[in-house]
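Peer 1: Structure in structure tokens, see below.
The values are calculated or read from the model by the stated rules, or taken from the named source; none is laboratory data. These numbers were taken from a predicted model, which means no experiment stands behind them. Glycine also receives a Cβ, built like all others from the backbone with ideal geometry; neighbour counts cover every protein chain displayed.
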Amino acid sequence: GAVVSQHPSWVICKSGTSVKIECRSLDFQATTMFWYRQFPKQSLMLMATSNEGSKATYEQGVEKDKFLINHASLTLSTLTVTSAHPEDSSFYICSARTSDETQYFGPGTRLLVL
Amino acid sequence: GNSVTQMEGPVTLSEEAFLTINCTYTATGYPSLFWYVQYPGEGLQLLLKATKADDKGSNKGFEATYRKETTSFHLEKGSVQVSDSAVYFCALSARTGNQFYFGTGTSLTVIP
């Protein structure tokens with residue numbers, strides 16, 4: 001099946017610093033990738049849709065200047081949390097969509113901002 | 001609009017019990033339907049899917065049938081194991097646009 005990787009799996013950073021999370025589709029090309037945020041014991045909240053070669057589409061209430069998304073190739077999308085604060089601590093999950101509309105998810109990145 | 005309503009949890013079952021997790025949906029058009037499973041601390045794994053009415057998705061003993069007449073996609077397993085303990089998400093992909101619509105997730109705990 002299709003495999004999506006995320007790196008890093010864990011990151012701890014100081015408040016005010018920026019953190020970059022990578023999402024890669026390992027065995028297929030994905031023109032569309034998605035970034036989600038998940039709070040404990042809750043469902044996934046879609047943050048943005050990442051389109052290869054164009055600007056990301058952000059969901060309402062998600063600050064595009066804070067959560068920078070770049071989808072520079074058909075196998076890589078990155079999410080950069082800029083000037084991170086403790087309230088940005090969360091579990092971030094990416095997914096990549098295949099041609100049959102199935103989304104395959106990465107293993108997630110747990111971010112802790114001190 | 002599009003939405004997914006999923007049975008609330010948590011669900012606790014004894015090993016070898018029968019499992020049903022209900023999922024109903026509303027959609028414009030003819031969506032694809034999915035079940036994903038999330039183990040603690042991990043991302044979501046595709047469990048099974050169905051792309052049209054009356055299709056049955058199956059994997060690892062789990063089954064779900066796409067019922068257009070009842071707009072449902074209930075997840076079933078005849079005999080659960082302790083290793084099935086996880087959170088299960090029902091999801092819908094509309095034919096138009098990119099977005100997935102997720103249910104709230106159902107936590108399953110299987111006790112020996």
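Peer 1: Quick check on B:Gly41: is it at pLDDT below 95 and within 10 Å of the chain's Cα centre (by Cα)? Steps first, answer last, please.
Peer 2: Working: at pLDDT below 95: yes; within 10 Å of the chain's Cα centre (by Cα): no.
No: the conditions fail for B:Gly41.
Peer 1: Right, here's the next one. Specify the residue that is farthest from B:Gly29 (Cα to Cα); the eligible residues are those in region B:91-112 that are more than 10 Å from chain A (Cβ to nearest Cβ) and crowded, with 16+ Cβ neighbours inside 10 Å.
Peer 2: First, the residues of region B:91-112 that are more than 10 Å from chain A (Cβ to nearest Cβ): B:92, B:96, B:106, B:108-112.
Narrowing the set further to residues that are crowded, with 16+ Cβ neighbours inside 10 Å leaves B:92, B:106, B:108, B:110.
On the way: B:Leu92: 12, B:Thr106: 26, B:Leu108: 31, B:Val110: 37 Å.
The extreme case among them is B:Val110.
Peer 1: Closer than 17 Å to A:Thr109 by Cβ, in contact (Cβ under 8 Å) with a residue 40 or more places away in the chain and assigned to a strand (DSSP E or B): does that describe A:Leu68?
Peer 2: Considered against the rule, which asks whether it is closer than 17 Å to A:Thr109 by Cβ, in contact (Cβ under 8 Å) with a residue 40 or more places away in the chain and assigned to a strand (DSSP E or B), A:Leu68 comes out as no.
Peer 1: So B:Ser83 fits all but one of (1) exposed (fewer than 14 other Cβ atoms within 10 Å of the Cβ); (2) over 18 Å from B:Val11 (Cβ atoms); (3) at pLDDT 95 or above; what number is the exception?
Peer 2: Unmet for B:Ser83, out of (1) exposed (fewer than 14 other Cβ atoms within 10 Å of the Cβ); (2) over 18 Å from B:Val11 (Cβ atoms); (3) at pLDDT 95 or above: (2).
Peer 1: Could we say that B:Ser79 is outside any strand (DSSP E or B) and more than 13 Å from chain A (Cβ to nearest Cβ) here?
Peer 2: Details: outside any strand (DSSP E or B): yes; more than 13 Å from chain A (Cβ to nearest Cβ): yes.
Spelling it out, B:Ser79 is indeed outside any strand (DSSP E or B) and more than 13 Å from chain A (Cβ to nearest Cβ).
Peer 1: Of everything in region B:46-65 that's within 14 Å of chain A (Cβ to nearest Cβ), touching a residue at least 12 places away in the same chain (Cβ under 8 Å) and not in a strand (DSSP E or B), which residue is nearest to B:Val11 (Cα to Cα)? It would help to see each step written out before you state the result.
Peer 2: Let us first name the residues in region B:46-65 that are within 14 Å of chain A (Cβ to nearest Cβ), namely B:46-52, B:55, B:57, B:59-60.
This time we only want the ones that are touching a residue at least 12 places away in the same chain (Cβ under 8 Å), so: B:46-52, B:57, B:59-60.
Restricting the remaining residues to those that are not in a strand (DSSP E or B) gives B:51-52, B:60.
Details: B:Thr51: 27, B:Lys52: 28, B:Lys60: 19 Å.
If we take residues in region B:46-65 being within 14 Å of chain A (Cβ to nearest Cβ), touching a residue at least 12 places away in the same chain (Cβ under 8 Å) and not in a strand (DSSP E or B), then B:Lys60 is nearest to B:Val11 (Cα to Cα).
Conditions tested, residue by residue: (1) surrounded by 17 or more Cβ atoms within 10 Å (Cβ to Cβ); (2) outside any loop (DSSP other than H, G, I, E, B); (3) at pLDDT 90 or above.
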site: A:Gln29; (1), (2), (3): no, no, yes
site: A:Arg37; (1), (2), (3): yes, yes, yes
site: A:Met45; (1), (2), (3): no, yes, yes
site: A:Ala48; (1), (2), (3): yes, yes, yes
site: A:Ser54; (1), (2), (3): no, no, no
site: A:Glu63; (1), (2), (3): no, no, yes
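Peer 1: Answer with yes or no whether B:Glu42 is within 12 Å of another protein chain (Cβ to nearest Cβ), of a type outside the set (Val, Ile, Thr), free of Cβ contacts under 8 Å to residues at least 24 places away in the same chain and not in a strand (DSSP E or B). So that I can check it myself, show each step before the final result.
Peer 2: Working: within 12 Å of another protein chain (Cβ to nearest Cβ): yes; of a type outside the set (Val, Ile, Thr): yes; free of Cβ contacts under 8 Å to residues at least 24 places away in the same chain: yes; not in a strand (DSSP E or B): yes.
Criteria met by B:Glu42.
Peer 1: Next question. Need the failing condition index for A:Arg37 against (1) in contact (Cβ under 8 Å) with a residue 60 or more places away in the chain; (2) within 14 Å of chain B (Cβ to nearest Cβ); (3) of a type in the set (Lys, Arg), just the number.
Peer 2: So A:Arg37 meets the others, but not (1).
Peer 1: Another question, then. When you go through A:Asn70, A:Asn51 one by one, which is the residue that is farther than 24 Å from B:Glu42 by Cα and within 13 Å of the chain's Cα centre (by Cα)?
Peer 2: When all the criteria are applied, what remains is A:Asn51.
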